[in-house]
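FYI, it's all coordinate maths here, none of it is from the lab. Keep in mind that this is a model prediction, so the values were computed, not measured. Reconstructed Cβ throughout: ideal geometry from the backbone, glycine too, with neighbour counts over all protein chains shown.
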Amino acid sequence: MPDTGEGEAGYSVQTRLPLPKGGPPDPAESPLSMWDLSHIDSFEALCQQVLAFLRDDLSAERCLFLYQEKEAEELAVEAAHGIEPETVFTTAEISQELLRSVRREGKPIILLDAGADPRFGNRTSVVLSNLRSILCLPLRHPSRLVVGLLYADNRIKAGAFTDKHLKLAEEFGQALEQRLFEMRKAGIRIGREPAEPAAPAAPQPLERAAPGPPPPAVKDEVPTLAQHAGFVPPPPTTEDEDVLRKPD
């Protein structure tokens with residue numbers, strides 16, 4: 001494992017996680033408190049932290065973070081390095097049997113040379129991708145159900161991962177499990193899950209309109225029968241006037 005060194009403000013150069021006083025600890029003796037993820041308040045930032053750990057602290061050539069989203073049965077690729085997320089389950093670049101085995105048995109797997117391992121050596125993915133070193137770790141819910149996986153491999157070097165790397169990954173995995181549970185409990189969106197619906201706004205009180213001028217007074221007139229029926233008499237003609245002038 002390469003020396004991580006100490007950057008500005010006491011952060012690991014690779015992971016940007018706070019370092020204990022005295023510099024980076026030995027992976028075999030590192031305390032769980034080293035991996036404090038409580039300050040991360042978004043799932044996207046958490047995914048970037050996971051990739052930084054797998055890529056830099058474990059020196060993985062390719063790495064994946066898979067997680068079972070709410071109300072889903074299968075794992076989804078939440079973050080990836082060195083491989084397109086869309087191809088993880090559709091091509092032979094990653095051993096699907098290895099992923100299924102870790103999820104099914106709930107136990108980590110570390111392979112010093114995948115091609116020489118009798119369980120996976122004849123797998124198409126191992127042969128075509130020339131997989132050598134592999135480390136895969138389950139992530140659990142507090143109920144102990146496996147809800148995610150951390151995956152790292154190296155196609156160049158055999159024995160790239162040792163028991164020290166596995167111990168380091170297990171400690172980081174425990175901190176990650178805790179933070180994922182806290183984020184779910186706090187209603188923070190995980191992966192492609194829909195955001196929690198916002199609480200409906202409280203109804204606003206109706207405002208009373210300002211009083212206007214009083215309406216005009218209506219005269220109390222009784223309409224005639226013709227007005228009531230809508231009848232308007234025509235104006236008098238000349239003949240009518242002659243008739244009116246004739247003496248009786």
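Summary table below
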quantity	calculated
P(r) tail fraction, region 41-185 - alpha-carbon pairs more than 19 Å apart, %	48
Net length gained if the chain between R104 and R144 were fully extended (0.36 nm per residue, minus Cα distance)	13.2 nm
Given charges at Cβ of Lys, Arg, Asp, Glu: region 41-185 dipole, positive-most of I94, L54, G106	G106
Ranking of T162, T87 by count of other Cβ atoms within 10 Å, fewest first	T87, T162
Cα-centred dipole magnitude for region 41-185, charges only on beta-carbon of K, R (+1) and D, E (-1), debye, nearest 20	460
Descending semi-axes in whole angstrom, ellipsoid equivalent of region 45-108, from the Cα gyration tensor	19, 15, 13
